[in-house]
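Each value in this text was obtained by applying a stated rule to the coordinates, not by laboratory testing. This structure is a prediction, so every number in the text was calculated from the model and none was measured. All Cβ positions, glycine included, derive from the backbone under ideal geometry; neighbour counts span all protein chains shown.
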Amino acid sequence: MSQRNTGAKKEEQSQGSGFLSSLLLAGGAAAVGFMAHKLVSDYNEIQSAHTSAQSAHTSRRSPPVFSGPQNQENVYQVHSGEGGHTRKDMRKQAFDSEVPDAVKCIICMDNPREVIINPCGHVCLCEDCGEKICQSVSPICPVCQKPIKEVNNAYI
């Protein structure tokens, strides 16, 4: 009789542990499903924000800033209702405080980096140094030494 009772107890224990294992497995699967859903919804939110930022950026395209060695004073004119303010004046007002070293022009080490060099794509020059380099006889990128075809403003 005692062997019969111990066999029944072992069977009850194995059923209880099987139920507990199933319960833990279901809870783990639910947690993984919730995390996957959250990851996908966060990804979709980031993608939609990126898409809207990209569409806002493409809607305000600007003409090339420098096209070669010529007088470019009219390029700096800001087309707004206030009139008369030049881009250089606006830059001086915006950057009256100290510019961090990481974003300073690699030539003058004073002004912030503001122009994109084409075709290499480096952003390493301020507007003044970019204009000076473009007016040279054979303009080359100071980073990679490739010939410069044009220099465009970087709107950040």
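Odds and ends about this structure:
- Protection proxy ranking, peptides 28-37, 135-144, 105-114, average beta carbon neighbours within 10 Å, highest first: 105-114, 135-144, 28-37
- Between SER22 and GLU45, the C-beta separation translates, for a Förster distance of 41 Å, into a calculated FRET efficiency of about 0.75.
- Amide H contacts of CYS141: LYS146, ILE148, each under 5 Å away and 5 or more positions distant or on a separate chain (H built 1.01 Å from N in the peptide plane; Pro and chain starts excluded).
- Amide H within-cut-off set for ASN153, under 5 Å, with H built and near neighbours excluded: VAL65, ILE116
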